[in-house]
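One structure is given below, encoded as structure tokens.
Laboratory data are not the source of any read-out in this text; all were calculated from the coordinates shown. Everything numeric in this text was worked out from a predicted model, so none of it was measured. A quick note on method: Cβ atoms are made from the backbone with ideal geometry, for glycine too, and the neighbour counts reach across all protein chains shown.
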Amino acid sequence: MPYNRELDECLFSKSWETESERLTTSVYSYNNGPKKLQITRENKDSQGSYRFVKLGRMTKEEIASLLPLIQEASNHMD
């Protein structure tokens, strides 16, 4: 079965931003299936628009900023 965007429900989403990037934690459920955590990274381009990039490695500051968001997201997974 191919992926269908209409079946992908976002139950929670919150971001942490700096001048040059945004990290977002989200909880999704596909087709009323199990709730899953997603973490994404977006960088600003020269025009100030965000574009998706691989999450890759994280700094200690990024981890410290995301931990409360992950905990909050976890509360939406019950």
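With contacts defined as alpha carbon pairs under 8 Å and 6 or more residues apart, what's the relative contact order of the chain in percent?
Numbers: 116 pairs, mean separation 20.7, N = 78.
Over the chain, the number comes to 26 percent.
Counting each DSSP H run of 4 or more residues in the chain as -39500 (n - 2.57), what helix-only mean residue ellipticity at 222 nm follows after dividing by all residues, to the nearest 500 deg cm²/dmol? Walk me through the numbers before you get to the answer.
Values: 1 runs with 16 residues, N = 78.
The helix contribution divided over the chain gives -7000 deg cm²/dmol.
How far is helix 60-75 tilted off the main Cα axis of the chain, in degrees rounded to 10, range 0 to 90?
Once rounded, one gets 20 degrees.
For a label point 7 angstrom out from the Cα of MET1 toward its Cβ, which stretches of the stretch 16-30 have the backbone nitrogen within less than 19 Å?
What the label zone holds, given the 19 Å backbone N cut-off, is 28-30.
Taking LYS44 as the anchor, which lysines have their alpha carbon closer than 24 Å to its alpha carbon, excluding any fewer than eight residues away along the same chain?
LYS14, LYS54, LYS60
Can I get the semi-axes of the stretch 5-75's equivalent ellipsoid? Compute them from the C-alpha gyration tensor as square roots of 5 times the eigenvalues, in angstrom, largest first.
Each semi-axis is √(5λ); the values are 23, 16, 9 Å.
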